[in-house]
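Reading through the structure tokens given below for one structure.
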Amino acid sequence: MSILGLAVATTGFVAKREWAQRVRVSFAAAHDNTTNGSAPLDGNGREAPPQQQQHPQSDSMFDSPYLPVVQMHGMGDTAHSDGMDELREIIQTVLGNNTYVLNVAIGDSELADHTNSYLMNLNKQVQRFAAIVKSDRNLADGFNAIGYSQGNLVIRGYIARHNRPPVRNWVSMHGPLVGVAMYPRCTPERWHCRLMQHSLHSLAYTSLAQQRVAQSNYVRDPQHLDEYRSIGTFLPDVMNERPHAGRNPIYTRHFAELNQMVAIMALNDTMVYPKQSMWWNYLRDGSLNETYPSYRSTPWYTEDWFGLRTLAERDGLTLLSTPGAHLEFSDAYFVRIVEGYLRLRRSRFPAQEEDTEASEGEAHDRPDDPMDATSPSIQPPRAVSPTVLQP
């Protein structure tokens, strides 16, 4: 199987989202208060820092009392697709047009941005994300972040390894936070999935795949955890689960510094297996069928591998859900997310002291009170109509 075939088969989250065009007059009236696939190289053969992305408004217009918002797209999408630009418009409609909203691109063109979501490994994607937000003076005092599917792993890597400027609230929309264990649209009950499962770890856990295919960086096969931890270059690092390296205290401190982490699960998701990964839960070691009763039962919570328990014990973790499939949610639901978790005043957060940044591989909730998407006030899911990659 080719490297691109692995990118398609490993997760297949969403290849290219074609978002429906909709009239926004009624919504605005209700809220009127309102290259190539790799990074360029410098003269020494190293990756050159990305060009600072331009926002359509000038800096002088961003005098909002609210923190800026950074959006990170998922696999097969681009920073300025119709869907991502529409979500940016909703955020600015709710918070006011003078609120700074940045859609981060991981390529210097739309084609590169799209291609890099497959063929740029997550370590490089995190580096690029960090370079962009660090160079943007509008984000110097911190920002809220919202990611979509795979984009949440980029945000997670940034929080663990950098987090200066700091992320205040992080909203994960259907993010595979603890990885994926099987091909998309697969469950252990399906015979063809059981056959294909034998190839998954042998394809993903190679140095070539880990360096070239983003999706291989978060395959967490519970039946091959030794290979995952020894060969995996991204997820075992940010999970702080490499026993020989010890826990990185910088990762733990950065995660625990979040004001709020909001994890949203798609209840009918078939792209992420297990879907409980979207709520910081996962399969028990050695099993493809049995998950932990909840994230509170997992070793990364009970032993506080990376700060999840610290955050949850001070009421910094919220678990929410949407009723539909992967990346299906209504405008009404999204507005409530913006109003509830992205409307943070700058004055709440004093200037952050600088600290030592971590580097990759450096040695050394409220589930009983969710903003339930089945509430009568929530409209039917948005018509995303994604093109899904088949394994």
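Quick rundown of the values:
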{"quantity": "Carbon/sulfur fraction of accessible area - region 125-179, other protein chains in place, 1.4 Å, %", "calculated": "47 percent"}
{"quantity": "Accessible surface, 1.4 Å probe, highest first, among residues TRP279, TRP300, TRP191", "calculated": "TRP191, TRP279, TRP300"}
{"quantity": "Of all accessible heavy-atom area on region 186-233, the percent that carbon and sulfur account for (1.4 Å)", "calculated": "56 percent"}
{"quantity": "Nearest-10 value in Å² for the accessible area of ARG336, using the 1.4 Å probe", "calculated": "70 Å²"}
{"quantity": "SER135/LEU111 FRET efficiency (R0 35 Å; Cβ-Cβ; nearest 0.05)", "calculated": "0.95"}
{"quantity": "GLU257 accessible area, assembled protein chains, probe 1.4 Å, Å²", "calculated": "60 Å²"}
{"quantity": "Heavy atoms of LEU208: accessible area, 1.4 Å probe, square angstrom to 10", "calculated": "90 Å²"}
{"quantity": "Potential extension, THR187-PHE349 segment - 0.36 nm per residue separation minus Cα distance", "calculated": "53.9 nm"}
{"quantity": "In nm, spacing of pseudo-spin labels at ARG314 and ASP331 (7 Å Cα→C-beta vector)", "calculated": "3.8 nm"}
{"quantity": "For region 132-269, accessible area per residue (1.4 Å probe, heavy atoms of protein chains only), Å²", "calculated": "29 Å²"}
{"quantity": "Ordering of 237-246, 119-128 by burial proxy (mean other Cβ atoms within 10 Å per residue, highest first)", "calculated": "119-128, 237-246"}
{"quantity": "Computed E for ALA245/GLN211 - FRET, C-beta separation, R0 30 angstrom, nearest 0.05", "calculated": "0.95"}
{"quantity": "Inter-site label distance for GLU303 and GLU89 at 7 Å from Cα along Cβ, in nm", "calculated": "4.9 nm"}
{"quantity": "Rounded percent of accessible protein surface that carbon and sulfur make up, region 257-335, 1.4 Å probe", "calculated": "45 percent"}
{"quantity": "Span from the region 150-216 Cα centroid across to the region 69-143 one, whole angstrom", "calculated": "19 Å"}
{"quantity": "Estimated FRET transfer efficiency when R0 is 45 angstrom, pair ASP226-HIS80 (beta carbons, to 0.05)", "calculated": "0.60"}
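The values are calculated or read from the model by the stated rules, or taken from the named source; none is laboratory data. Owing to the predicted nature of the structure, the values given are computational and were not obtained by experimental measurement. Every residue, glycine as well, gets a Cβ built from its backbone with ideal geometry; the counts of neighbours run over all protein chains shown. Each accessible area value is taken on the protein alone, full model and side chains, heavy atoms only, with ligands, DNA and RNA left out. Shrake-Rupley method; radii C 1.70, N 1.55, O 1.52, S 1.80 Å.
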